[in-house]
Amino acid sequence: MATHPPRRYSPARFVLAAAFVLLLAGCTIVTPDSQSPSGTAQPGALVGTWVIDKTFDSPEQPYVSFVQDNTWSASDGCNRVQGTWELGADGTLTTTSGPQTMMACDGAQLPLAVTRGTRVEVDGDTLVIHSSFDSTETTLVRSQDSTVGPQGLPIGYWVESNTPTAPFLSIQADGSYSGNDGCNVLTGAWEQTDDEAILFTAGATTLRACEGVDQWLSQAAQGRVQARVMTLQSADGTVLGQLTSR
């Protein structure tokens with residue numbers, strides 16, 4: 001009877017086999033999913049204004065607007081927020097956001113859908129924003145209404161600069177505003193005229209004396225918005241200063 005020498009296993013082969021067993025025991029093997037992002041989400045397809053396909057009893061129609069310069073804005077119907085966006089080739093969405101007003105609203109939380117969004121799918125005039133934070137999906141349609149979107153109404157935060165004590169206005173969709181001129185708290189009401197001027201009616205204001213502070217904002221009676229900059233004027237038309245949308 002012939003005898004055979006014992007079979008030897010090379011150390012390298014043994015290590016590979018052990019690693020393969022551990023992989024099967026401790027990990028899930030991921031296979032391609034037909035529902036995974038197809039890579040067809042292009043930045044150009046995302047640009048535009050998107051809404052939920054229903055109307056809301058809110059001061060304005062909730063919307064999300066993606067602009068070609070990689071900025072975005074959105075409204076829940078009462079409050080607006082703005083930020084920046086980037087879209088990966090696989091549909092991965094990355095955003096930043098700024099401050100927003102905090103008025104209670106019977107609208108739709110579209111600003112939150114964007115800030116928590118991690119992936120998007122665009123199919124013609126339908127946009128789906130996916131969130132891996134809470135496993136939600138927000139389905140929107142492209143708006144054909146020229147009155148819906150960031151144009152027209154100056155809702156949101158407007159500041160002179162990024163310093164903590166800079167003058168600012170927080171303009172609400174219900175026709176009220178609040179702010180600070182660098183010294184005193186300002187409140188009041190606003191309305192937009194047919195020629196798109198913004199008229200401010202002062203309300204309650206604190207009367208502190210602050211040395212070295214130019215309180216020009218408290219004298220503002222009207223403003224005009226162009227390219228996210230609001231130019232403010234006194235009642236006699238004198239230009240007082242400018243605020244930038246944040």
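Just so you know, all these numbers are worked out from the coordinates, no wet-lab data involved. Note that the structure is a prediction, hence the values are computed from the model and not measured. Backbone-built Cβ (ideal geometry, glycine too); neighbour counts: all protein chains shown.
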Whose amide H sits under 5 Å from the amide H of GLN222, counting only residues 5 or more places off or on another chain, with H placed in the peptide plane? PHE200, GLN233
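Taking all pairs of distinct Cα atoms, average 1/r, flip it, and tell me the Kirkwood hydrodynamic radius of the stretch 66-122 in Å to one decimal place. Intermediate results must be reported in sequence, preceding the final value.
On the way: mean 1/r = 0.0847 Å⁻¹.
It works out to 11.8 Å.
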Extension gain THR126-ASP106, at 0.36 nm per residue separation less the Cα-Cα distance, in nm? 4.9 nm
Quick calc, THR206 & GLN68: beta-carbon distance into FRET formula, R0 51 Å, rounding 0.05, result 0.75
Between ASP194 and SER161, the FRET efficiency computed from the C-beta separation at R0 = 30 Å comes out, to the nearest 0.05, as 0.40
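How large is the charge dipole for the stretch 64-125, taken about the Cα centre, if only the Cβ atoms of Lys, Arg (+1) and Asp, Glu (-1) carry charge, to the nearest 20 debye? All intermediate terms of the calculation are to be shown ahead of the outcome.
On the way: 3 positive and 8 negative charges, 56 e Å.
Charge dipole of the stretch 64-125: 260 debye, to the nearest 20.
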Name the long-range amide H neighbours of GLY188: under 5 Å, sequence gap of 5 or more, or other chain; modelled H, no Pro or chain starts. TYR177, GLY203
How far is the Cα center of the stretch 228-246 from the Cα center of the stretch 47-121, in Å? 26
Please identify which residues in the stretch 162-177 have an amide N closer than 11 Å to a label point set 7 Å out from the Cα of VAL213, following the Cα→Cβ vector. 165-168
Suppose a student asked you for the relative contact order of the stretch 67-143, using Cα pairs under 8 Å spaced at least 6 residues apart; what percent would you report? 22
